[in-house]
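Asks: Got a structure for you, written out below as structure tokens; questions coming shortly.
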């Protein structure tokens, strides 16, 4: 990993400055958002727009996981046995950690794509 990349940088996205940076970033970002986002050509032509949408989408998923964790015990206590409720809480914890890591990666790619667009990298 080049020194300029953080540990949060996604392995499948080539580093900024590489000829394939934007292409690999677009592929990775589209995998994080609903499939119908692929229908919008502007998101392929302007990867910084896609990264912004992905950042908001993943951020909302993290907020939903946190809200789910906060409310699951109260909302599900009459519907699940205690051991299942504990498993649900653990699932929320694991997913929250995973999504938080994805968000950090999206933020890193987003910053790099915005810098590339600002420097004339995206047409």
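The values are calculated or read from the model by the stated rules, or taken from the named source; none is laboratory data. The structure presented is a predicted model; accordingly, all values stated were derived computationally and were not measured. With ideal geometry, Cβ positions are generated from the backbone for all residues, glycine too; neighbour counts draw on all protein chains shown.
Asks: Would you point out which residue out of 39, 29 is in contact with a helix residue (DSSP H, G or I) (Cβ under 8 Å, 6 or more places away or on another chain) and within 20 Å of residue 58 (Cβ to Cβ)?
Replies: 29
Asks: For residues in segment 13-35 being part of a helix (DSSP H, G or I) and in contact (Cβ under 8 Å) with a residue 40 or more places away in the chain, which is farthest from residue 53 (Cα to Cα)?
Replies: Taking the candidates together, the pick is 21.
Asks: On the given criteria, is residue 80 modelled with pLDDT of 95 or more, farther than 23 Å from residue 111 by Cβ, touching a helix residue (DSSP H, G or I) at 6+ places or on another chain (Cβ under 9 Å) and not in a helix (DSSP H, G or I)? Reasoning before the result, please.
Replies: Values: modelled with pLDDT of 95 or more: yes; farther than 23 Å from residue 111 by Cβ: yes; touching a helix residue (DSSP H, G or I) at 6+ places or on another chain (Cβ under 9 Å): yes; not in a helix (DSSP H, G or I): yes.
When the stated conditions are applied, residue 80 passes them.
Asks: Only one of 72, 115 is surrounded by 12 or more Cβ atoms within 10 Å (Cβ to Cβ), under 18 Å from residue 14 (Cα atoms) and over 12 Å from the mean Cα position of the chain (by Cα); which?
Replies: 115
Asks: Could you please let me know if residue 88 is touching a helix residue (DSSP H, G or I) at 6+ places or on another chain (Cβ under 6 Å), within 17 Å of residue 26 (Cα to Cα) and either modelled with pLDDT under 95 or in a helix (DSSP H, G or I) (or both)?
Replies: Spelling it out, it is not the case that residue 88 is touching a helix residue (DSSP H, G or I) at 6+ places or on another chain (Cβ under 6 Å), within 17 Å of residue 26 (Cα to Cα) and either modelled with pLDDT under 95 or in a helix (DSSP H, G or I) (or both).
Asks: Listed residues 38, 45; which is surrounded by 11 or more Cβ atoms within 10 Å (Cβ to Cβ) and in contact (Cβ under 8 Å) with a residue 60 or more places away in the chain?
Replies: Values: 38 fails: in contact (Cβ under 8 Å) with a residue 60 or more places away in the chain.
The unique qualifying residue is 45.
Asks: With the checklist (1) in contact (Cβ under 8 Å) with a residue 24 or more places away in the chain; (2) closer than 19 Å to residue 95 by Cα in hand, flag the one item residue 67 doesn't pass.
Replies: (1)
Asks: From (1) within 15 Å of the chain's Cα centre (by Cα); (2) crowded, with 17+ Cβ neighbours inside 10 Å; (3) more than 21 Å from residue 94 (Cα to Cα), pick out the condition that doesn't hold for residue 27.
Replies: All conditions pass for residue 27, except number (2).
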